[in-house]
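Since the structure comes first, as structure tokens, the remarks are kept for the end.
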There are 2 protein chains.
Amino acid sequence: MKSLLLLAAVLGIAAPALASDQPTPPATPESVVAQAPAGDWVRIAPDDLLVMQLSPAADGSARKIVIQLLPAPFSQPWVANIRTLAHAHWWDGTSIYRAVDNWVVQWGAGEGPGFKPRPLPKGVEAPKAPYVADASDPAIAAVLGPQRNAVVDILQAMLVKPRKQQAASAPAPYARDPYAPHPFFFHGWPMAASRQERTAWPVHCYGTVGVSRDLAPDTGTGAELYAVIGQAPRQLDRNIAVVGRVIEGMQYLSTLPRGKGNHGVYLSRSRDTPIVSIRLGSDLPAASQPHFEYLATDSASFRHYVQVRANRHDAFYTVPAGGVALCNVHEPIRAVPSGG
Amino acid sequence: MKSLLLLAAVLGIAAPALASDQPTPPATPESVVAQAPAGDWVRIAPDDLLVMQLSPAADGSARKIVIQLLPAPFSQPWVANIRTLAHAHWWDGTSIYRAVDNWVVQWGAGEGPGFKPRPLPKGVEAPKAPYVADASDPAIAAVLGPQRNAVVDILQAMLVKPRKQQAASAPAPYARDPYAPHPFFFHGWPMAASRQERTAWPVHCYGTVGVSRDLAPDTGTGAELYAVIGQAPRQLDRNIAVVGRVIEGMQYLSTLPRGKGNHGVYLSRSRDTPIVSIRLGSDLPAASQPHFEYLATDSASFRHYVQVRANRHDAFYTVPAGGVALCNVHEPIRAVPSGG
């Protein structure tokens, strides 16, 4: 189907298996994922997932969104608040009340004219906590140290295929990040680090979920959350608490009408999108719990995946990029059968 | 309004003017734009604009989209085709038939089951032309050469504020691009260059419009177009013809429902979004012609704007990024009164 192959080539379907005496077709991100052994996938615990149910769409179809929470040692005071709020069913009956194109959608109880005050559960307060992790945590020390595990480094990942096996004309891969000295992956998450400052932090990509707040030094509680629906707003990194990412149903957030009020807030609450419920995966009945897995970022499959993302050689591409942005790696995450 | 100030601070409103004996508030991108003198703005010719009218939204409101066409020496054979197609009213009655989350929406006549063949105007063929410009063009030679005008260089732009005027703790600005050695701006457009290869090319950002095609060496005609609705897919740079960018009405594309068929094509033509018309701005009656201007990228205002984008010091931010991605500069473009 002419002029649709853009997608077939870029996001598309893995090539069918060929007999072993045929030349191997160039690897694509999809083929690398399809061929990754089961042992390279890591289950995401249901306790690390939020399931958000919006009111049905205009055509009556369900709108379910799954959010993965950020692992320790990052943003854990906010993540703890979010677990408390979900346990308390605090978001049930709240709404998505703000949408700004190429920026964020935002939800919670809101505040101001037209919004009903909704007291927070006991113990949910704005944490006095940093947005970065430092080398006092052994995992971060390992990332920052000279003996750090090279496989988490995105540049090393791009170099996994020995240069001598690449075409002589292949550009040198590089992982230059406009916002941080050292982009890397940590248990499946894109991160950035400064070895000079001895800190590491989660970054804002498409689908990232963070904690809305007022001006510094307020840090927000986690009751009002936003999700990024456009170009990665990396200038927010280290300035606000990242707490998760949308791993399913992103289209139900990204297609919401943009708000016409101040700061993209909808002009009336009747235009909000109602939130039916937000639950921790582990609070759902066993049969309803979400099951997802991610490609281990210390696996050979992930290194190969990043290398291929950085240098496409399949039929659609004539000029491999020679690099890949941290927010364009698109860490592979997939749903798995509940019995799997 | 607590927890909404995220937007106020980041995209927000310029601070009101203060008496001259008060301390100057920190510059924001918005304040720099608001204070840019009239002479730093450049009019966009109506002949370089496409006006796309979609069918009205469900609530009856109009959906108008304005696309700016790419200037010479980039992609001009496709841009010429697009002008021919617009003159011929070729797109009237076609549709947006594909939408993929965090990727693209695509429009034109389509091809395949359910689509009606629509012959192209005489002379509209897939150009045999490169996706990059080289130093045989004097403008590109100037960009690539050792005597190039430093003001087009994004790194130089970030350095416009002398280091000694910055706080001692300010990080060194840098413009590391994961996809190209030399990001820069050219007559208001984000671009990338390789001085080693002596080439420069337009890049894929949010809102970029490009020419759908089949596998290489096909280059597409310009009849089927896509617009980026997610994270900048920079791996497409140099692999496909960039021809423009959406400068108004982007939300009417980005909020379209995502397609559920192969490659995000809608399952039936009844789900497409009809295109009422696409016109060159210069083909419209004078009173209806679009009038826009961009902040000259060789102006002091633009250099200051980039510097502030790279290092936010206003009340919301506690950690300036120290850099800015090419696709996160968000070149200032604004509508102007038709008599302006």
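The values are calculated or read from the model by the stated rules, or taken from the named source; none is laboratory data. As the structure is a computational prediction, the values presented were derived from the model and not from experiment. Here the Cβ is made from the backbone with ideal geometry for all residues, glycine too, and neighbour counts use every protein chain on show. Keep in mind that these areas ignore ligands, DNA and RNA; they rest on the heavy atoms of the full protein, side chains included. Shrake-Rupley method; radii C 1.70, N 1.55, O 1.52, S 1.80 Å.
The table for this structure:
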{"quantity": "Selection from region B:220-239 of residues that are among the hydroxyl-bearing types (Ser, Thr, Tyr), within 11 Å of B:Trp78 (Cβ to Cβ) and either in a helix (DSSP H, G or I) or open to solvent by less than 10 Å² (accessible area, probe 1.4 Å) (or both)", "calculated": "none"}
{"quantity": "Of residues in region B:198-216 being open to solvent by less than 10 Å² (accessible area, probe 1.4 Å) and in a loop (DSSP other than H, G, I, E, B), the one nearest to the other protein chains (Cβ to nearest Cβ)", "calculated": "B:Ser212"}
{"quantity": "Filtered residue count, region B:245-264, keeping only those that are closer than 20 Å to B:Ala129 by Cβ and open to solvent by less than 10 Å² (accessible area, probe 1.4 Å)", "calculated": "0"}
{"quantity": "Criterion violated by A:Asp59 - all others in (1) at pLDDT below 95; (2) closer than 30 Å to A:Thr318 by Cβ; (3) not aliphatic (A, V, I, L, M) satisfied", "calculated": "(2)"}
{"quantity": "Residues that are free of Cβ contacts under 8 Å to residues at least 24 places away in the same chain and of a type in the set (S, T, N, Q), drawn from region B:86-142", "calculated": "B:Ser136"}
{"quantity": "Residue within region B:52-63 that is open to solvent by 30 Å² or more (accessible area, probe 1.4 Å), in contact with a helix residue (DSSP H, G or I) (Cβ under 6 Å, 6 or more places away or on another chain) and within 14 Å of chain A (Cβ to nearest Cβ) present", "calculated": "yes"}
{"quantity": "Flag for B:Val242 being more than 7 Å from chain A (Cβ to nearest Cβ), open to solvent by 10 Å² or more (accessible area, probe 1.4 Å) and touching a Gly at 6+ places or on another chain (Cβ under 8 Å)", "calculated": "no"}
{"quantity": "Matching option when the condition is open to solvent by less than 60 Å² (accessible area, probe 1.4 Å) and more than 8 Å from chain A (Cβ to nearest Cβ), among B:Val319, B:Val336", "calculated": "B:Val336"}
{"quantity": "Scan of region A:270-297 for residues that are open to solvent by less than 30 Å² (accessible area, probe 1.4 Å) and closer than 26 Å to B:Val105 by Cβ, ordered by number", "calculated": "A:Asp272, A:Thr273"}
{"quantity": "Residues within region A:104-134 that are buried (at least 18 other Cβ atoms within 10 Å of the Cβ) and closer than 18 Å to A:Gln76 by Cβ, tallied", "calculated": "6"}
{"quantity": "Residue check for A:Leu267: open to solvent by 10 Å² or more (accessible area, probe 1.4 Å), within 7 Å of another protein chain (Cβ to nearest Cβ) and farther than 19 Å from A:Gly93 by Cβ", "calculated": "no"}
{"quantity": "A:Ala126 vs. criteria farther than 19 Å from A:Glu248 by Cα, more than 21 Å from the chain's Cα centre (by Cα) and outside any loop (DSSP other than H, G, I, E, B)", "calculated": "no"}
{"quantity": "Filter result (open to solvent by 50 Å² or more (accessible area, probe 1.4 Å) and out of contact with any Gly (no Cβ under 7 Å at 6 or more places or on another chain)) within region A:64-79", "calculated": "A:Ala72, A:Gln76, A:Pro77"}
{"quantity": "Selected residue [modelled with pLDDT under 95, closer than 30 Å to A:Val211 by Cα, open to solvent by 60 Å² or more (accessible area, probe 1.4 Å) and small (Gly, Ala, Ser)] from B:Ala8, B:Ala15", "calculated": "B:Ala15"}
{"quantity": "Any hit, region B:316-332, residues being of a type in the set (D, E, K, R), assigned to a loop (DSSP other than H, G, I, E, B) and either modelled with pLDDT of 90 or more or under 17 Å from B:Phe184 (Cα atoms) (or both)", "calculated": "yes"}
{"quantity": "Meets criteria (open to solvent by 30 Å² or more (accessible area, probe 1.4 Å) and within 11 Å of chain B (Cβ to nearest Cβ)) for A:Asp101", "calculated": "yes"}
{"quantity": "Residues that are within 28 Å of B:Val308 (Cβ to Cβ) and either assigned to a loop (DSSP other than H, G, I, E, B) or of a type in the set (Phe, Trp, Tyr) (or both), drawn from region A:240-250", "calculated": "A:Ile240, A:Ala241"}
